[in-house]
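The values are calculated or read from the model by the stated rules, or taken from the named source; none is laboratory data. This is a predicted model, so every value here is computed, not measured. Using ideal geometry, Cβ is built from the backbone for each residue, glycine included, and neighbour counts are taken over all protein chains shown. Note: areas computed on protein heavy atoms with side chains; ligands, DNA, RNA excluded. Shrake-Rupley method; radii C 1.70, N 1.55, O 1.52, S 1.80 Å.
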Amino acid sequence: MKRSSNTQRKSMPSNPARRDLLRIGGSAGIGGLVFAQSVGWAQPGNAITPHSDYAAAHQEAQTVAQDILRQGSATCLGIALATRERIVWAESFGLADLQARRPPDATTMFGVGSTSKMFATIAVMQLVDRGLVNLDEPLVRYVPEFRMADSRYTEITVRMLLNHASGLPGSNYRNIFTFKPVPGYAADVFAALAHERLKATPGFMNVYCNDGFTLVEVLVRAVTGKSFAAYVQASILDPLGMKHSAYTTTPFPKDRYARVYRSGVLQLQEFVGAQA
């Protein structure tokens, strides 16, 4: 599943504004992680009342939410407004399942799309903190079997994978979006890159690149001996108490996630091969 929400986490400024919105359901790109709200907001129209200091941000968020629903770009969404210390306000809108008339709640799962790259970055930085990875060492130090049909591939560092400066061609879309779990996407990308050439010298420029993060999946497995999804689950999601967040490696019960509709037509649950 994907494309049902964007999720953003960051330190909140003291002055509430549009940038204070922690998460809004909408549309997202590649990334196999699905995320459920970890705050206990109530059903639509029964929100946690925000402090008066946040009245303007609260009103703006409600207006934006209703606009999104009216435009038809989403059938449901959840918003939480947070400071460094606490959840100020949280509310869900719309219907997670149009046929069942089921609204989203605190356990409804939304696809986070490419926001999952933040989990990949956290995973790598944890390995850096543990002294297992150096950001400025080449990938081949940790994954010596990595090859490309371009001798410059040995110059690609871990940092370049994370900041989209690797020079890799872009994104492999073979079996990336499917309607049943198809394992082995990262291995397929890894094998395909052996026959490809770089589009730029590593480090020369930053261009959005999904394949770089797929190589992060390979890196994490090589260093830890765990699959990427298993590592993130054990080292990030579980310690944070994110009990309703997971990768789409198996089908989810239909009442656990926000159903996806296109032009009003219910879509099958979608599985994303790219996890990072």
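Could you tell me what percent of the accessible area of the range 108-151 is made up of carbon and sulfur, with a 1.4 Å probe and every protein chain present?
53 percent
Charges on Cβ only, +1 for Lys and Arg, -1 for Asp and Glu, centred on the Cα centroid of the range 169-276; of P251, S171, Q233, which one is farthest towards the dipole's positive end?
Ranked along the dipole, the leading option is P251.
What net charge do the residues around D255 carry, taking every other residue with its C-beta under 10 Å from that of D255, with Lys and Arg at +1 and Asp and Glu at -1?
It works out to a net charge of +3.
Add +1 for every Lys or Arg and -1 for every Asp or Glu among the other residues with Cβ under 11 Å from the Cβ of H195, and state the total.
Summing Lys and Arg as +1 and Asp and Glu as -1 gives 0.
Rounded to a whole number, what % of the accessible area of the range 209-251 do carbon and sulfur atoms account for, probe 1.4 Å?
Roughly 54 percent of what the probe reaches on the range 209-251 is carbon or sulfur.
Across the range 94-191, what fraction of all alpha-carbon pairs, as a whole percent, falls in each successive 10 Å bin from zero upward?
Values per bin, smallest distances first: 12, 32, 30, 15, 9, 2.
Tell me the per residue accessible area of the range 46-109 using a 1.4 Å probe; a whole number in Å² is fine.
It amounts to 48 Å² per residue over the range 46-109.
Quick one: accessible area per residue over the range 195-276, 1.4 Å probe, rounded to a whole number of Å²?
Dividing the accessible area of the range 195-276 by its residue count gives 49 Å².
Measure off 7 Å from each Cα along the Cα-to-Cβ vector at R70 and K180, then give the distance between these two points in nanometres to one decimal.
Between R70 and K180, the label points sit 4.4 nm apart.
Around V140, what is the net charge, scoring Lys/Arg as +1 and Asp/Glu as -1 over all other residues with Cβ under 10 Å from its Cβ?
Its environment carries a net charge of -1.
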